Amino acid sequence: MTDNYRIIFHPLAEIEYLDSVSWYEDNRTGLGIQFIREIEKKLNIIETNPYLYPIKKQMFREAVIDVFPYVIVYKIYKRKKSITIYSVFHTSRNPALKYRR
C-alpha cells in the first residue's frame, strides 16, 4: 500500500490552471478536457511518488507535462504529508516567474 501525499493547490496556481483549461477549450472544443486529463495524470504520479521529479530551485520541483507545454511546480512538505502546487506554468513564459508566490 502506498502512503500518498495530499495535493493542495496554491490559489494562484489554481487560477493559472483553470485559465489554461478555459483557453484550450475556447480554442478547440475538447482540448480543455484533454489538458485536464494530462494534468491529472501527472498529479497522480506526483501524489504517489513526489520525489520522482528533481529539485530545480529553492526546494521547488518541476514535473513536465508530456503533451502540453507546461510544467507543474511544487514543493513537498514531508511532515504534513502534503504537496503544494505553486504553479501550472506555460513554458513560453519568463522562467523567473515560476517561483514567485
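Please treat every number below as a calculation from the coordinates, not as lab data. Source: prediction; values computed, not measured. Backbone-built Cβ (ideal geometry, glycine too); neighbour counts: all protein chains shown.
Round to the nearest 0.05 the FRET efficiency obtained for residue 90 and residue 51 when R0 = 30 Å and r is the Cβ-Cβ distance.
0.75
Scan around residue 9 for amide H atoms under 5 Å from its own, H built in the peptide plane at 1.01 Å from N, and keep only partners 5 or more places away or cross-chain.
85
Where in segment 19-44 does the label zone of residue 4 land, with the point 7 angstrom along Cα→C-beta and an amide N cut-off under 17 Å?
Output list for this probe position: 37-44.
If you put +1 on each Lys and Arg Cβ and -1 on each Asp and Glu Cβ, how big is the dipole of the chain around its Cα centre, in Debye rounded to 20?
Using Cβ point charges on Lys, Arg, Asp and Glu, the chain gives about 660 debye.
Give me the number: length gained by fully extending residue 44 to residue 66, i.e. 0.36 nm times residue separation minus the C-alpha to C-alpha distance, one decimal in nm. The partial results should precede the final answer.
Numbers: separation 22, 0.36 × 22 = 7.92 nm, distance 1.38 nm.
So the chain would gain 6.5 nm between residue 44 and residue 66.
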